[in-house]
1. In the range 23-34, how many are modelled with pLDDT of 95 or more and aliphatic (A, V, I, L, M)?
2. Just give me the residues in the range 78-88 being closer than 26 Å to Val165 by Cβ and surrounded by 14 or more Cβ atoms within 10 Å (Cβ to Cβ), in sequence order.
3. Taking the residues in the range 141-154 that are surrounded by fewer than 19 Cβ atoms within 10 Å (Cβ to Cβ) and not hydroxyl-bearing (Ser, Thr, Tyr) as candidates, determine which candidate is modelled with the lowest pLDDT.
4. Just checking, how many residues over the range 89-127 are surrounded by 15 or more Cβ atoms within 10 Å (Cβ to Cβ), more than 22 Å from Asn77 (Cα to Cα) and in contact with a strand residue (DSSP E or B) (Cβ under 9 Å, 6 or more places away or on another chain)?
5. Show the residue pairs meeting these rules: Cβ distance below 8 Å; 6+ apart or different chains; first residue within the range 186-207 and closer than 16 Å to Ile135 by Cβ; second residue at pLDDT 85 or above and in a loop (DSSP other than H, G, I, E, B).
6. Can you name the condition, by its number, that Val75 falls short on among (1) surrounded by 12 or more Cβ atoms within 10 Å (Cβ to Cβ); (2) closer than 22 Å to Ile135 by Cβ; (3) modelled with pLDDT under 95; (4) not basic (Lys, Arg)?
7. Phe26 - would you say it is closer than 25 Å to Trp143 by Cβ, in contact (Cβ under 8 Å) with a residue 40 or more places away in the chain and touching a strand residue (DSSP E or B) at 6+ places or on another chain (Cβ under 7 Å)?
Amino acid sequence: MSNIIKRSITGILYAGLIVASAYLNFYFFSFIIFLMSILTIYEFQKLILKKDIIQYLIVSFLFLLFSLTKVEKEVINTILFISLLSNFIILFWLFNFIKEKKFIKSIIMYSYPILGCFFIITIPYLDQSYEPTLICFVYAINWINNSFAYIIGKNFGKNKLLKKVSPNKSWEGFFGGVLFSVIFSFIFFRFEVGVDFFKVICLSLSIPVMATLGDLVQSKIKREAGLKDSGTLLPGHGGFFDRMDSIIFVAPWAYLVLNEF
């Protein structure tokens, strides 16, 4: 079986599980994302060659807290601030403006990917009501961006985006992903996804940017580890960390757009 067929089948099953769980109910959706988060953290720890039970405890606590209790918005906003600030610092590391490895490693360990995974389950909640369409919309734009960036970059990519980190990513692929994200966002908006026009525009433009940055951050982590994939659990995609890298960076920003703008 060719890699493109394996990649397509795995992608469909992965997407189908997330969408089906979201529409079934919040608790099942939260459980599925929790399992994927645990596997992502497991693969992440293998990459950096460090076992740390604290990461599992933090992500378990956050998921249980949000799933079983009514968390005040001020608490979520504090966690959001920490997540966005951490991601901003990580971007400085990505572009070599910060080279203090011990400091960056601590931020990566205890903020990314823990808080990124956590904010995935907060996205469907808008004004204290569960709206599965919201998370499906965010995931759909993320998948469309990733798919078209890959297709266009593979066939037409000539100008490298960040060659030293990810030699296969190109500016052509990036702008192709943005273009199709915007197009499909308008299509989804026509089907009343429950998001106003301004937020649709913000998400359609920002999700491709955040998804690409998330991919690049993970690529740098893998490059420093000397590995191509984070795992082998998902045929054609590598591991769960390979599949979750973009949504981890997207989720905090998507929550901000949907709840604060």
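The values are calculated or read from the model by the stated rules, or taken from the named source; none is laboratory data. Keep in mind that this is a model prediction, so the values were computed, not measured. Every residue, glycine among them, receives a Cβ derived from its backbone with ideal geometry; neighbour counts consider all protein chains shown.
1. Number of matching residues: 2.
2. Ile82, Ser83, Leu84, Ser86, Asn87
3. Filtering first and then ranking leaves Lys154.
4. Going through the range 89-127 one residue at a time, the tally reaches 1.
5. If the second residue must be at pLDDT 85 or above and in a loop (DSSP other than H, G, I, E, B), the pairs left are Gly194/Glu131.
6. Just one mismatch for Val75, condition (1).
7. Judged against the criteria, Phe26 is a match.
Table: residues versus (1) under 30 Å from Leu68 (Cα atoms); (2) touching a Lys or Arg at 6+ places or on another chain (Cβ under 7 Å); (3) surrounded by 15 or more Cβ atoms within 10 Å (Cβ to Cβ).
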site: Ser129; (1), (2), (3): yes, no, no
site: Ile135; (1), (2), (3): yes, no, yes
site: Phe156; (1), (2), (3): no, no, no
site: Ser166; (1), (2), (3): no, no, yes
site: Gly173; (1), (2), (3): no, no, yes
site: Gly176; (1), (2), (3): no, no, yes
